[in-house]
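Colleague: The following block contains the structure, expressed as structure tokens.
The values are calculated or read from the model by the stated rules, or taken from the named source; none is laboratory data. This one's a predicted model, so the numbers in the text were calculated from it and none came from an experiment. Counting neighbours? That spans all protein chains shown, and the Cβs are built from the backbone with ideal geometry, glycine included.
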Amino acid sequence: MLIQIVIGILFFIGVYILISDEQKWLRLTTFGYFILLTIIFAAGYMNQLNSLQDPELGDLSALRDWVYLFGYLYSVPLMVVSAYIWIPYPKKYKTLRSRVLMISFIIFIIMTAGHFLNLFFRLLFLGIA
């Protein structure tokens, strides 16, 4: 459980670095969302773990569904905030083709990183179960 707490703290530090130079409403909304989501997830995750008596294959489905849902609730908003922050940067390119290529590349990087974050979240809280 300690590694999960350390990685959670690193996640919040990463989100802070991502949005530290942004507008106040974006910082407050993003931090409020992730803090509220973390509180709900931690309470529900501990409740799900405590309700497992003999962890058989059928008993893990509720925990797996809980972790999968919150994996998406963490990764998708982070991808949206990242896109909101990074999409305006290619405006300095002169041609439309170079702008479209840079925006496509940025979206590809954001989507790939978001899906790896989701996979990492699942592995962190479920292991190989």
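Colleague: Could you please tell me which pairs satisfy a Cβ distance under 6 Å, a separation of 6+ or placement on different chains, a first residue in the stretch 68-90 that is over 17 Å from LEU123 (Cβ atoms), and a second residue that is charged (D, E, K, R) and surrounded by 14 or more Cβ atoms within 10 Å (Cβ to Cβ)?
Modeller: Close Cβ pairs satisfying both conditions: PRO90/ARG99.
Residue by residue, here is whether (1) touching a Gly at 6+ places or on another chain (Cβ under 6 Å); (2) under 24 Å from PRO88 (Cα atoms); (3) surrounded by 10 or more Cβ atoms within 10 Å (Cβ to Cβ); (4) at pLDDT below 90 holds:
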{"site": "LEU2", "(1), (2), (3), (4)": "no, no, no, yes"}
{"site": "ILE5", "(1), (2), (3), (4)": "no, no, yes, yes"}
{"site": "GLY8", "(1), (2), (3), (4)": "no, no, yes, yes"}
{"site": "GLY14", "(1), (2), (3), (4)": "no, yes, yes, yes"}
{"site": "SER20", "(1), (2), (3), (4)": "no, yes, no, yes"}
{"site": "TYR33", "(1), (2), (3), (4)": "no, yes, yes, no"}
{"site": "ILE40", "(1), (2), (3), (4)": "no, no, yes, no"}
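Colleague: For the structure I just gave you, tell me whether SER61 is polar (S, T, N, Q) and either farther than 23 Å from PHE120 by Cβ or surrounded by 11 or more Cβ atoms within 10 Å (Cβ to Cβ) (or both). Quick ask: steps written out before the conclusion?
Modeller: Values: polar (S, T, N, Q): yes; either farther than 23 Å from PHE120 by Cβ or surrounded by 11 or more Cβ atoms within 10 Å (Cβ to Cβ) (or both): no.
Answer is no for this residue.
Colleague: Within the stretch 65-85, track down each residue that is farther than 15 Å from GLY114 by Cβ and surrounded by 15 or more Cβ atoms within 10 Å (Cβ to Cβ). It would help to see each step written out before you state the result.
Modeller: Residues of the stretch 65-85 that are farther than 15 Å from GLY114 by Cβ, as a first pass: 65-67, 69.
Once the filter is applied, which keeps residues that are farther than 15 Å from GLY114 by Cβ and surrounded by 15 or more Cβ atoms within 10 Å (Cβ to Cβ), the stretch 65-85 yields TRP66, VAL67.
Colleague: Also, I was wondering about something else. Please give the number of the condition VAL76 fails out of (1) β-branched (Val, Ile, Thr); (2) at pLDDT 90 or above; (3) more than 15 Å from the chain's Cα centre (by Cα).
Modeller: VAL76 satisfies all of (1) β-branched (Val, Ile, Thr); (2) at pLDDT 90 or above; (3) more than 15 Å from the chain's Cα centre (by Cα) except (3).
Colleague: Okay, next question. For the stretch 96-104, check the following and say yes or no: at least one residue is out of contact with any helix residue (DSSP H, G or I) (no Cβ under 8 Å at 6 or more places or on another chain), under 22 Å from LEU10 (Cβ atoms), of a type outside the set (Phe, Trp, Tyr) and assigned to a helix (DSSP H, G or I).
Modeller: First, pick out the residues of the stretch 96-104 that are out of contact with any helix residue (DSSP H, G or I) (no Cβ under 8 Å at 6 or more places or on another chain): 96-97, 100-101, 104.
Retained after the next criterion (residues that are under 22 Å from LEU10 (Cβ atoms)): none.
Within the stretch 96-104, none of the residues are out of contact with any helix residue (DSSP H, G or I) (no Cβ under 8 Å at 6 or more places or on another chain), under 22 Å from LEU10 (Cβ atoms), of a type outside the set (Phe, Trp, Tyr) and assigned to a helix (DSSP H, G or I).
Colleague: Being of a type in the set (S, T, N, Q) and part of a helix (DSSP H, G or I) is the filter; apply it to the stretch 70-95 and report the residue that is farthest from LEU49 (Cα to Cα).
Modeller: Narrowing the stretch 70-95 to residues of a type in the set (S, T, N, Q): 75, 82, 95.
If we keep only those that are part of a helix (DSSP H, G or I) too, we end up with 75, 82.
Values: SER75: 23, SER82: 32 Å.
Per the criteria, the residue is SER82.
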